[in-house]
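Everything below concerns the one structure shown next.
The values are calculated or read from the model by the stated rules, or taken from the named source; none is laboratory data. These figures come from a predicted structure and were not determined experimentally. Cβ atoms come from the backbone with ideal geometry, glycine included; neighbour counts cover every protein chain shown.
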Amino acid sequence: MAAVMPVPAASRVLMSGNEAVARAVWEAGVKVAAAYPGTPSTEMLEVISSYPDLYAEWSVNEKVSLEVAIGAAYAGSRSFCCMKHVGMNVASDALMTLTLTGVIGGLVIAIADDVGLSSSQNEQDSRYWGRFAHVPVLEPADSQEAYAMTLYAYELSEKFQVPVILRMTTRINHVKSLVTVGERNEYVGAGFKKEPARFVMVPGNAGKRIPLMFARDIKLRELAETSELNFIEDGSDKRVGFIASGPAYMHVKESFPNAPVLKLGFSWPVPFEKCRELAAMVDQVVIVEEVEPLVETELKAQGLNVIGKEILPLQGELSPNVLKPAIARLLGEPVTETTALAPMQVFPRPPTMCVACPHLGVYYTLSQVRNLNISGDIGCYTLGAGHPWNALDTCVSMGASMGVALGMDKGRGEADKDKRVVAVIGDSTFLHMGMQGLLDMVYNKGNVTVLLLDNRAVGMTGGQNNPGNGYGIHGEEAPRVDFAKLVSALGVKDERIHVVNPYELPVLFKTIREEVKVPEVSVIITDQPCVLVKDYHKLKPFEVIDDKCTGCGNCIDVGCPAIHVTRRGKEVKPSGREVDLAFVRIETSVCTGCGLCVQPCAPKAIVHHVQTSPIQLVTKGGCAA
């Protein structure tokens with residue numbers, strides 16, 4: 001990726017929260033930034049990598065990315081790490097020790113919470129990591145605050161020698177607003193100073209650091225009380241006062257512009273005295289927080305009479321259409337259609353894979369093989385659980401398909417004794433956290449067939465590079481993992497390793513059917529690139545000959561969104577059985593010629609599209625325009 005030209009100081013630029021954080025990271029003089037892609041955090045590192053004068057990397061997982069940032073901070077340089085909320089689950093092992101060692105150079109960890117489950121398997125509240133790890137948490141409410149708080153976070157980190165969590169949500173990450181930016185300030189790191197008693201966390205050393213952590217907690221709580229990031233906005237309507245942070249603050253201001261509000265920008269530690277100050281001003285205090293009752297619980301433990309999740313939902317965004325009716329009920333006011341207005345419902349559009357996705361053939365084949373229990377994983381291929389394939393039975397977390405499949409094998413009961421266990425995992429996910437599961441599977445002699453789908457990209461988050469495709473973060477050449485050699489090194493027998501083209505359905509079907517019968521670990525690697533990356537090359541598109549189409553619908557079962565049903569019908573077989581018919585056409589403008597639909601077409605009604613030239617059109621009496 002080419003370096004961007006720095007925007008002049010004091011310029012106002014329309015930026016998303018992700019872009020604003022990236023800009024602040026660059027301006028703060030950060031030397032090292034690392035991350036693993038994950039929506040809604042991905043763009044932070046993508047933008048950071050476009051700036052000059054710093055090192056940025058896609059790490060193989062979030063734990064490694066945080067450890068890289070820790071190393072740079074130990075060396076006295078400023079560093080940055082970002083991830084989505086579930087990524088901190090992976091990185092937490094390092095975080096919980098980092099809170100004892102502290103840092104030298106500033107270290108900011110941006111965690112993007114997916115409030116509302118836009119693209120995640122669960123909904124977490126990352127403020128709890130501040131409480132759990134004894135580190136401060138800052139919460140921006142818009143892009144300008146995301147920018148300013150990132151800059152402040154480095155000052156705070158170095159003052160207290162502690163990592164700082166910048167808690168973002170999807171509403172901040174992806175929504176754009178105007179940001180006034182500055183220029184880069186070069187930061188010269190102090191270099192690494194050997195302090196084994198501080199940086200070597202054996203039990204004897206760690207025990208001596210714990211009292212220092214608690215002493216730091218006291219100072220941070222005192223700072224939270226006086227911080228300009230926590231402030232009260234007075235209002236004329238004293239019936240209800242609100243305590244809110246992040247986007248929830250914006251929702252409160254929109255819904256109740258005349259109510260007093262305590263905005264928490266420095267949200268952990270909770271400023272108890274500031275909360276008491278607000279409580280003294282109003283009749284009732286409502287805590288509006290997404291999504292867990294963290295502040296509410298803390299304030300109730302302090303003896304404050306506050307209201308929170310008794311009237312507000314425990315999940316999802318607390319938008320005005322949620323807040324207004326809840327407060328109306330609290331005040332005994334009628335809940336009108338206006339106050340309870342629901343978001344506009346749009347026509348349902350189930351997610352599906354791309355036209356010609358190399359995973360289509362895999363799931364079509366799995367849907368045709370009977371008697372399988374299929375353990376899935378996180379990625380584009382999670383969509384295999386949907387229609388028309390219905391070919392995934394579980395999906396838990398990154399890399400979990402390996403361990404879950406082994407558990408299915410070892411824990412099978414009488415009802416499953418004849419079932420074959422299959423695990424499906426993508427290339428980046430395998431490198432992220434799947435390798436250990438495969439090693440465990442081999443070591444413990446599992447009976448599982450693994451489908452390793454190598455599409456040469458971190459597909460679901462935008463096609464980022466990874467060690468499996470041979471390109472670095474800037475598109476430069478990098479060492480490429482040989483998956484066949486890698487799984488062999490993990491103990492899979494060479495005769496049980498197969499590399500297949502997922503567009504060749506007969507070969508794929510034969511390989512899967514044979515390998516699931518073998519009572520040991522086998523790995524089938526598919527080797528075709530994602531259709532959205534530069535390694536993919538389109539072929540001549542196909543079309544349906546209407547006169548030959550019998551409506552059998554076999555091509556529909558492939559699941560390619562370029563295939564459209566034009567009409568339906570029914571046919572009575574000689575046996576008297578009535579069958580449904582679906583006649584189709586192919587959207588040739590998006591067809592890439594992969595040929596998946598051709599192979600199951602019984603009447604051979606799908607052929608290469610013949611494009612008519614303008615001259616031919618004129619000779620036939622058509623309009624060339």
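For the range 472-482, the count of residues that are farther than 26 Å from Tyr364 by Cα, outside any loop (DSSP other than H, G, I, E, B) and touching a strand residue (DSSP E or B) at 6+ places or on another chain (Cβ under 9 Å) is nonzero. Of the candidates Lys176, Lys194, the single residue that is within 27 Å of Lys84 (Cα to Cα), surrounded by fewer than 16 Cβ atoms within 10 Å (Cβ to Cβ) and among the charged types (D, E, K, R) is Lys176. Does the range 167-187 contain at least one residue that is under 22 Å from Asn89 (Cα atoms), among the hydroxyl-bearing types (Ser, Thr, Tyr) and either in contact (Cβ under 8 Å) with a residue 12 or more places away in the chain or assigned by TED's automatic domain parsing to the domain that holds Val396 (or both)? Yes, the range 167-187 contains a residue that is under 22 Å from Asn89 (Cα atoms), among the hydroxyl-bearing types (Ser, Thr, Tyr) and either in contact (Cβ under 8 Å) with a residue 12 or more places away in the chain or assigned by TED's automatic domain parsing to the domain that holds Val396 (or both).
Answer with yes or no whether Gly470 is in contact (Cβ under 8 Å) with a residue 40 or more places away in the chain, surrounded by fewer than 24 Cβ atoms within 10 Å (Cβ to Cβ) and under 27 Å from Trp58 (Cα atoms). In short, no.
Yes/no matrix, rows are residues, columns are (1) within 23 Å of Val164 (Cβ to Cβ); (2) modelled with pLDDT under 95:
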| position | (1), (2) |
| --- | --- |
| Leu262 | yes, no |
| Ala280 | no, no |
| Val288 | no, no |
| Val291 | yes, yes |
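Of the helices (runs of 4 or more DSSP H) contained entirely in the range 342-448, those carrying at least 3 residues that are of a type in the set (S, T, N, Q) fall at 359-368. Checking Leu66, Leu107, Leu100 one by one, the residue that is more than 19 Å from the chain's Cα centre (by Cα), surrounded by 22 or more Cβ atoms within 10 Å (Cβ to Cβ) and not charged (D, E, K, R) is Leu107 and no other.
Each row is one residue, and each column tells you yes or no for (1) modelled with pLDDT of 95 or more; (2) of a type in the set (Ser, Thr, Tyr); (3) in contact with a strand residue (DSSP E or B) (Cβ under 8 Å, 6 or more places away or on another chain).
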residue	(1), (2), (3)
Pro6	no, no, no
Ala9	no, no, no
Gly17	yes, no, yes
Val21	yes, no, yes
Trp26	yes, no, no
Ala33	yes, no, yes
Tyr55	yes, yes, yes
Ala73	yes, no, yes
Ser77	yes, yes, yes
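Among the residues of the range 235-251, the ones that are surrounded by fewer than 24 Cβ atoms within 10 Å (Cβ to Cβ) and in contact (Cβ under 8 Å) with a residue 60 or more places away in the chain come to 3 in all.
Does Gly116 meet the test of being small (Gly, Ala, Ser), over 22 Å from the mean Cα position of the chain (by Cα) and either assigned by TED's automatic domain parsing to the domain that holds Gln161 or within 22 Å of Pro293 (Cα to Cα) (or both)?
Considered against the rule, which asks whether it is small (Gly, Ala, Ser), over 22 Å from the mean Cα position of the chain (by Cα) and either assigned by TED's automatic domain parsing to the domain that holds Gln161 or within 22 Å of Pro293 (Cα to Cα) (or both), Gly116 comes out as no.
Within the range 495-511, the set of residues being assigned to a helix (DSSP H, G or I) and either in contact with a helix residue (DSSP H, G or I) (Cβ under 6 Å, 6 or more places away or on another chain) or outside the structural domain of Val421 (by TED's automatic domain parsing) (or both) comprises Leu505, Leu508, Phe509. Within the range 35-53, the set of residues being closer than 17 Å to Met149 by Cα and at pLDDT below 95 comprises Ser41 only. The single condition among (1) more than 29 Å from Gly593 (Cβ to Cβ); (2) in contact with a His (Cβ under 7 Å, 6 or more places away or on another chain) that Lys493 does not satisfy is (2).
Have a look at Ser126, Ser79 and point out the one that is over 25 Å from Glu27 (Cα atoms), hydroxyl-bearing (Ser, Thr, Tyr) and crowded, with 24+ Cβ neighbours inside 10 Å. Steps first, please.
Numbers: Ser79 fails: over 25 Å from Glu27 (Cα atoms).
It is Ser126.
Of all residues assigned to the range 530-540, none qualifies as being within 32 Å of the chain's Cα centre (by Cα), assigned by TED's automatic domain parsing to the domain that holds Arg370 and free of Cβ contacts under 8 Å to residues at least 24 places away in the same chain.
Being crowded, with 22+ Cβ neighbours inside 10 Å and in a loop (DSSP other than H, G, I, E, B) is the filter here, so list the residues in the range 532-561 that pass it. Of everything in the range 532-561, those that are crowded, with 22+ Cβ neighbours inside 10 Å and in a loop (DSSP other than H, G, I, E, B) turn out to be Cys555, Gly559, Cys560.
Would you say Pro313 is outside any helix (DSSP H, G or I), surrounded by fewer than 16 Cβ atoms within 10 Å (Cβ to Cβ) and more than 33 Å from the chain's Cα centre (by Cα)? So Pro313 fails the test.
Residue pairs whose Cβ atoms lie under 9 Å apart, separated by 6 or more positions or on different chains, with the first residue in the range 394-416 and in the same structural domain as Gly379 (by TED's automatic domain parsing) and the second charged (D, E, K, R) and surrounded by fewer than 20 Cβ atoms within 10 Å (Cβ to Cβ), are Met402/Asp440; Gly403/Asp440; Leu406/Asp440; Met408/Asp393; Met408/Asp416; Met408/Lys419; Arg412/Lys419. Total residues in the range 83-97 satisfying the condition of being under 15 Å from the mean Cα position of the chain (by Cα) and of a type outside the set (Lys, Arg): the figure is 8. What do you reckon, is Val306 farther than 30 Å from Glu504 by Cβ, in contact with a strand residue (DSSP E or B) (Cβ under 8 Å, 6 or more places away or on another chain) and in the same structural domain as Ser245 (by TED's automatic domain parsing)? So Val306 passes the test. Would you be able to say whether some residue in the range 150-173 is among the aliphatic types (A, V, I, L, M), surrounded by 15 or more Cβ atoms within 10 Å (Cβ to Cβ) and modelled with pLDDT under 95? Within the range 150-173 (the criterion being among the aliphatic types (A, V, I, L, M), surrounded by 15 or more Cβ atoms within 10 Å (Cβ to Cβ) and modelled with pLDDT under 95), the answer is yes, since at least one residue qualifies.
When the residues of the range 132-147 are narrowed to those that are farther than 16 Å from Met250 by Cβ and over 23 Å from the mean Cα position of the chain (by Cα), which ends up surrounded by the fewest Cβ atoms within 10 Å (Cβ to Cβ)? Out of the qualifying residues, it is His134.
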